[in-house]
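Read through the structure below, which is laid out as structure tokens, and then see the notes.
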Amino acid sequence: MGVDVAFGDQPAYLRVAGDLRQKIVAGELPPHTRLPSQARIREQYGVSDTVALEARKVLMAEGLVEGRSGSGTYVREQPVPRALVRTGYRSVGDSTPFRQEQADDRVKGTWESRSEQVAAGAEVARRLRIEVGDRVMRTDYLFRAGGEPAMLSTSWEPLAVTGRTPVMLPEEGPLAGKGVVERMAAIDLIVDNVTEEVSARPGLAEEALALGGVPGHCVLVVSRTYLAGGCPVETADVVMLAERHRVAYHLPVK
């Protein structure tokens with residue numbers, strides 16, 4: 001068994017993980033190649049089983065390798081990030097739920113949705129400027145691009161605004177399949193502003209399952225709110241796998 005030593009201020013397991021990472025990036029360990037076994041790592045680097053195991057855990061957490069039941073640990077094929085283009089909001093007549101999230105007209109997509117009435121929690125109430133417990137229409141979306149899962153979105157609309165109107169259900173009625181801008185225009189609310197914040201966090205297990213990712217890996221969250229005359233009429237969280245996307249903003253100069 002090797003001796004676990006730190007190199008400078010760096011623990012031995014990080015040094016081992018760093019060397020293996022470099023080999024993966026350089027192509028010495030190409031995608032779908034089996035990672036050296038724990039025993040091989042121990043022998044090659046002169047470290048203990050504990051260090052070898054921790055090094056493998058680091059690479060798994062970084063998404064560079066994946067475990068296959070009964071087979072071992074293999075190098076993952078790294079996806080090429082796709083641009084998620086944002087342009088604020090779409091004009092009336094040129095808006096769908098997919099297009100309002102992905103403004104690049106070259107990207108074609110579809111969506112699935114489910115709506116239900118719920119009570120607003122504290123964060124949703126803050127963003128919609130309503131009271132906690134007020135009724136909102138929650139709609140969950142799964143967006144696909146090229147047939148593959150691409151984004152999740154959860155939107156909330158205050159029923160004080162849309163209740164008992166033809167647009168109360170975003171994906172039903174005469175304006176089903178239209179975006180927020182056109183739906184609100186149908187009830188004489190002109191969307192004139194949109195705010196967005198982009199953040200990152202570990203992905204939830206159910207998000208990873210829906211998007212085909214790895215639980216715990218980082219997701220990007222675009223938190224968006226549409227406003228009409230300064231009044232929020234819809235707020236939403238758009239979630240995508242960070243390793244597969246980069247957010248690109250195309251903003252007009254006024």
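The values are calculated or read from the model by the stated rules, or taken from the named source; none is laboratory data. Model, not experiment: these values are computed from the prediction. Backbone-built Cβ (ideal geometry, glycine too); neighbour counts: all protein chains shown. Only protein heavy atoms, including side chains, enter the accessible area calculation; ligands, DNA and RNA are left aside. Shrake-Rupley method; radii C 1.70, N 1.55, O 1.52, S 1.80 Å.
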Of the DSSP beta bridges with both residues in the chain, give the percent that are antiparallel, rounding to the nearest 5.
90 percent
Within-11-Å neighbourhood charge of Ala120 [Cβ basis; K, R +1; D, E -1]
+1
Label-point separation, Ser69 to Glu206 (7 Å along Cα→Cβ), nm:
2.3 nm
Here FRET efficiency (C-beta to C-beta, Val198 to Arg144, R₀ 22 Å, nearest 0.05) is 0.50
Please calculate how many Å² of accessible area the chain carries per residue, with a 1.4 Å probe and no DNA, RNA or ligand atoms counted.
52 Å²
GNM of the chain, Cα pairs under 10 angstrom: of Ala200, Ala26, Ala52, the biggest fluctuation goes to Ala26
Could you tally the net charge around Arg76, taking each other residue with its Cβ under 11 Å from the Cβ of Arg76, Lys/Arg +1 and Asp/Glu -1?
-3
Cα long-axis angle, helix 12-26 against the chain (0 to 90 degrees, to the nearest 10):
70 degrees
Find the relative contact order for the range 76-149 and round it to a whole percent, using C-alpha pairs within less than 8 Å whose residues are 6+ positions apart.
28 percent
Is there a quick way to get the dipole size of the range 82-249? I mean about its Cα centre, with the Cβ of Lys and Arg at +1 and of Asp and Glu at -1; what is the value in debye to the nearest 20?
240 debye
Along the range 154-166, Karplus-curve 3J(HN,Hα) (6.51, -1.76, 1.60; θ = phi - 60°) to the nearest Hz, with x for Gly and Pro, reads 10, 10, 9, 10, x, 5, 5, 9, 9, x, 6, 10, x
Tell me, what ³J(HN,Hα) does each residue in the range 225-238 have, in order and in whole Hz, if you take phi through Karplus 6.51 cos²θ - 1.76 cosθ + 1.60 with θ = phi - 60° and put x for Gly and Pro?
9, 8, 10, 10, x, x, 9, x, 10, 6, 9, 8, 10, 9
Projected label distance in nm at Ala176 and Thr96, using a 7 Å step from Cα toward the beta-carbon
1.5 nm
Please report, as a whole percent, how much of the solvent-accessible surface of the range 80-214 comes from carbon and sulfur atoms (probe radius 1.4 Å).
52 percent
Helix 49-61 sits at what angle to the longest principal axis of the chain, using alpha carbons and giving 0 to 90 degrees rounded to 10?
30 degrees
What number, rounded to the nearest 500 deg cm²/dmol, is the helix-based mean residue ellipticity at 222 nm of the chain, given -39500 (n - 2.57) per DSSP H run of at least four residues and division by all its residues?
-7000 deg cm²/dmol
The range 82-249: relative contact order as a whole-number percent, Cα under 8 Å and 6+ apart
24 percent
How much length, in nm to one decimal, is gained on full extension between Val118 and Gln22, taken as 0.36 nm per residue of separation minus their Cα-Cα distance?
29.7 nm
Most mobile of Ser69, Ser95, Ser37 in a GNM of the chain (Cα contacts under 10 Å)
Ser69
Percent carbon-and-sulfur accessible area, the range 12-75, ignoring ligands, DNA and RNA, probe 1.4 Å
49 percent
Amide proton proximity set for His245, modelled H, under 5 Å, gap of 5+
Arg82
